[in-house]
Amino acid sequence: MEVILLKELRGRGGEGDIINVARGFANNYLLRQGYAVRATPGNLKQLEQKRKNIEKREEVRISDANALVEKLQDATVKITAQVGDEGQLFGSVTAPMIADAIAEQFGLEVDRRRVELGKPIKAVGEYEVPVGFYRDIKANVKVSVAGDAAEDAEVAAEAAEEAAVEAVAEAETEAVAEVEAVEDAEVTE
């Protein structure tokens with residue numbers, strides 16, 4: 001059955017494309033979800049009239065996707081996870097976690113389904129993960145998975161630094177109190 005796509009359908013085509021699909025897929029999914037309309041003579045005429053607008057939107061989508069690729073190409077996304085012995089993670093790093101990390105670190109919203117991870121990451125290290133933006137436009141993002149032991153060391157170092165600052169402040173307070181006591185003793189004599 002021939003249908004006209006109203007939205008991008010990953011792996012099949014984009015807005016305005018005429019594709020041939022199984023009747024059940026068209027009736028049960030594409031038509032009901034608003035992804036497509038039947039390729040009737042009337043709909044084909046409307047498509048020809050809308051072709052210029054569709055091409056303009058397509059150009060904008062492609063330029064936006066290329067801009068995102070430039071921002072993220074070879075970028076490093078840092079993810080911290082709990083680590084057991086020998087660098088094995090408790091759990092794993094998944095595509096939604098990578099999408100959330102990209103949003104947090106770069107301010108770019110990425111659909112988690114576009115993160116092409118394959119298998120979840122289960123060990124500490126650096127991985128290259130392709131992220132799709134539109135049709136075949138992809139960026140290779142480096143994902144650096146670090147254990148929380150490094151984070152614990154940073155927290156411990158900050159706590160030690162704060163304790164040292166507090167100790168210096170207490171010592172200064174005690175020194176000022178001793179000087180005042182000595183001055184008070186000299187005044188009373």
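Structure notes:
- Complete set of residues in the stretch 9-20 that are assigned to a strand (DSSP E or B) and not polar (S, T, N, Q): LEU9, GLY13, ILE18, ILE19
- Looking across LEU89, LEU117, one residue alone is more than 23 Å from LEU6 (Cβ to Cβ), touching a helix residue (DSSP H, G or I) at 6+ places or on another chain (Cβ under 8 Å) and surrounded by 14 or more Cβ atoms within 10 Å (Cβ to Cβ). It is LEU117.
Rundown of residues vs (1) of a type in the set (S, T, N, Q); (2) in a helix (DSSP H, G or I), yes/no style:
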site	(1), (2)
LYS7	no, no
ASN27	yes, yes
LYS45	no, yes
ILE62	no, yes
ALA65	no, yes
LEU68	no, yes
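- For the stretch 29-43, filtering for residues that are within 27 Å of ALA65 (Cα to Cα) and part of a loop (DSSP other than H, G, I, E, B) leaves 2.
None of the figures in this text is laboratory data; all of them are computed from the coordinates on show. Predicted model, so just to flag it, every value in this text is computed and none were measured. Note that we place each Cβ from the backbone using ideal geometry, even for glycine, and neighbour counts take in every protein chain shown.
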